[in-house]
Amino acid sequence: MRFKEIVSRYVSFLIIVPSILLTFIVLINLANNAQDVSDSSNGASLLSLTDNAASLVHELQKERGMSAGYLGSKGNKFRQELGGQRSLVDQNLRVYREFTEEYKDEFNDSLKASIKSIINNLSQLSDIRSQVDNLTIALPDALGFYTAQNKALINQPLALIEVLDTNGLVQGLIASYNLMQVKEKSGIERAVLT
């Protein structure tokens, strides 16, 4: 009997200790996975900022090009197209403002300052548009205004990299930044050649 008790205790020990360790490992993995889900959720909303900024940049690029064509033709071309394009820019700007207001608590101070600066600068958009309509702004000045706003919006993915630590999200932000840079450079060339 004595032998059976020793073996029984030994077998019980061999079953209980690994079970406790396995439970501990599972709990640690669950905690890590919960943190990853939380980080991914935060990252998804931050990536949506990049999408909103990219959409706004795209529409601003088109408005810049049409404004350049309008100014270059002394008001003979793009008058009707500009009105429709300005509505698209206003719509994208409204979406951008609403999104940044809704998720402002998730942004770091640097990103908040960047967003505030962009929104403040874009408040001058109506004045620039009036000057374009009245042909009272020089083409380089109009192009410079749009290009400066686009540059600030394009640089937002770089500011997000500081906030995110997920490798896949960072790579996506860098790819988004590079794509927007290429589009911006080709947009400047089109605007100047118009």
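The values are calculated or read from the model by the stated rules, or taken from the named source; none is laboratory data. Since the structure is predicted, the reported quantities are computational estimates derived from the model, not experimental observations. Please note: Cβ atoms are built from the backbone with ideal geometry, for glycine as well, and neighbour counts cover all protein chains shown. For accessibility, only protein heavy atoms count, side chains too; no ligands or nucleic acids. Shrake-Rupley method; radii C 1.70, N 1.55, O 1.52, S 1.80 Å.
Points worth noting:
- The gain in end-to-end length when the SER126 to LEU88 segment is fully stretched comes to 12.3 nm, 0.36 nm per residue minus the alpha carbon separation.
- Rounded percent of accessible protein surface that carbon and sulfur make up, region 55-144, 1.4 Å probe: 46
- Neighbour net charge for GLN80 - beta-carbon separation under 15 angstrom, K R +1, D E -1: +2
- Length gained on full extension, GLU5 to GLU98: 26.4 nm, using 0.36 nm per residue less the C-alpha separation.
- Accessible surface, per residue, of region 40-139 when the full set of protein chains is kept, probe 1.4 Å, Å²: 50
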